[in-house]
Amino acid sequence: MSWLCHRSCEHCYEDRFHPYYGEDLKRVVAEAQENFPRIIQNCPERMTFLDLADAGDTGTFREKIGRVILAGGEILLDPVREPVLYPAIDLLHQKYRKQGGVKVIIQTTGDVLNSRIAGELLERKVWMISVSGMDAYHEGLEEQQARDALQQKLTAMFESLGMKYFDSAPAGWGSDVTTGPYFHFFGPTPDSWIGTLWPRGRAQSNQLSTAGIMDNFCNRWSGGLDFLQDRYSGSEVSVEPNGNVYPCCIKIKMALGSLLNEKLDDILHRCSGNPVYEAISMGHPQRMGIQSGWSVEKFLEKSKIVLPSGRVYQNLCVGCDRFHEEVLMHNNALVSIAK
C-alpha cells in the first residue's frame, strides 16, 4: 500500500522500502492515499474462489472466501496507518460485504505493533495479523534470543485480545479456515519458503541471495504459479502503491497493467493465452521465450550473471529479467517509436 518503511534492511527485495522525510514523505503518503480507492474499485467484484482441493459430492468445487494482504513497507507507521490503511480496510469490507465477504490480512514487521493498534485492527474485522520480521536480518533481532522475546511478547498480546495462532504454511491462508482472528509469524529463515532470499533489491546488490538455478520462485507461493487461474484456488497477484499489477511478489520487469485505469479481471483475461504469462502461471519461466526464439538453453544461459565479488550467480528470475529487458521491453519501445 505504501513504500514507507522505518527500516532499510540489507536483505530487502525492494529498494523503495525505506524511511522518507520532508517532501518525499508527503509524496509517498499522498500517492498511497490517492490511489487505494481506485485500486480497490478495480479489484474483482467478488473476492471468492473455487477450491480445487475441495469438491462436493456432485463434483462441483466449493466456494471459499479469498484474502487481501495489506502491507508495506511498514503499513502500521503513523503517516499511513490512519489516513491509508484504516479507510482501505473499511472500503474492502464495504465492497465485499454483500458479495461473499473477504479476509483481510495485515502484514507488519511487528516492532511498531502494540495492543492499541492491534485492537483497532480487530475492530475493523481484520482476519489475521501476520508478523514478517522474525529473522536475523532485522536490526535488533540478530540473536535468536531477541526474536524469541519479541515473539513471546506479541503472542501474549495477541492472545489477550482473543486471537489464535495460525499454524499453517502461507499457501493455506484462508483456503479452508473461516474463523478468526488469527496471528502468524514468519521471516526469511533458512528453513522457510523465502530463506534463500529473492534476487532483487538490496538482497541482490548486497549479494545475500543464495537461491540457485533449482530455486524456482515462479513455481511456489508468492511466485507466479497459477496467477492466471482467476476464480480458482492459488490465483494471486501483487499490486504496487501506483496500481501496477505483477504475477508475483518478486515482480517481473514490466507490469501487466495498472489498477488505476483497468479492472484486474480484464488484465488477467488479456494475459491469458500469452505464452510468456502462461509459462509463468504454469511455474516454468524458462519456457516463456520459446515463441520469441529463446530456447530453454538460451534462457538458462541468460539466467547467469557475475556478481561484483566475482561469484557466478544463476537463478531463473535473472533470466526472466533479461528476457523482459531484451525482448518485451525492447519490442514495447519499438512500438512506441512507431506510433
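Starting from the range 187-210, take each residue that is touching a residue at least 60 places away in the same chain (Cβ under 8 Å) and in a helix (DSSP H, G or I) and list its partners that are open to solvent by 30 Å² or more (accessible area, probe 1.4 Å) and of a type in the set (Phe, Trp, Tyr), counting only C-beta distances under 7 angstrom and pairs at least six apart or across chains. Short answer, once both residue conditions are applied: GLY201/TYR13; ALA203/TYR13.
Scanning the range 94-107 turns up no residue that is without any contact (Cβ under 8 Å) to a residue 60 or more places away in the chain, out of contact with any Phe, Trp or Tyr (no Cβ under 8 Å at 6 or more places or on another chain) and over 30 Å from ASP54 (Cβ atoms).
Exactly one residue out of ARG81, ARG116 is out of contact with any strand residue (DSSP E or B) (no Cβ under 9 Å at 6 or more places or on another chain) and either open to solvent by less than 40 Å² (accessible area, probe 1.4 Å) or assigned to a strand (DSSP E or B) (or both), and it is ARG81.
The residue of the range 38-65 that is most open to solvent (accessible area, probe 1.4 Å), among those that are assigned to a loop (DSSP other than H, G, I, E, B) and under 17 Å from VAL245 (Cβ atoms), is GLU45.
For the condition in a loop (DSSP other than H, G, I, E, B), charged (D, E, K, R) and surrounded by 13 or more Cβ atoms within 10 Å (Cβ to Cβ), what is the one hit in GLU262, GLU278, GLU325?
GLU262
Just need a number here: residues in the range 119-137 that are of a type outside the set (A, V, I, L, M), part of a loop (DSSP other than H, G, I, E, B) and either open to solvent by 30 Å² or more (accessible area, probe 1.4 Å) or under 11 Å from PHE185 (Cβ atoms) (or both). Qualifying residue count for the region: 6.
Summed over the range 138-165, the residues that are surrounded by fewer than 19 Cβ atoms within 10 Å (Cβ to Cβ), in contact (Cβ under 8 Å) with a residue 12 or more places away in the chain and of a type outside the set (A, V, I, L, M) give a count of 8.
The values are calculated or read from the model by the stated rules, or taken from the named source; none is laboratory data. What you see is a predicted model, and the numbers here were worked out from it, not measured in a lab. Backbone-built Cβ (ideal geometry, glycine too); neighbour counts: all protein chains shown. Note: accessible area is taken over every heavy atom of the protein model, side chains too, but ligands, DNA and RNA are not part of it. Shrake-Rupley method; radii C 1.70, N 1.55, O 1.52, S 1.80 Å.
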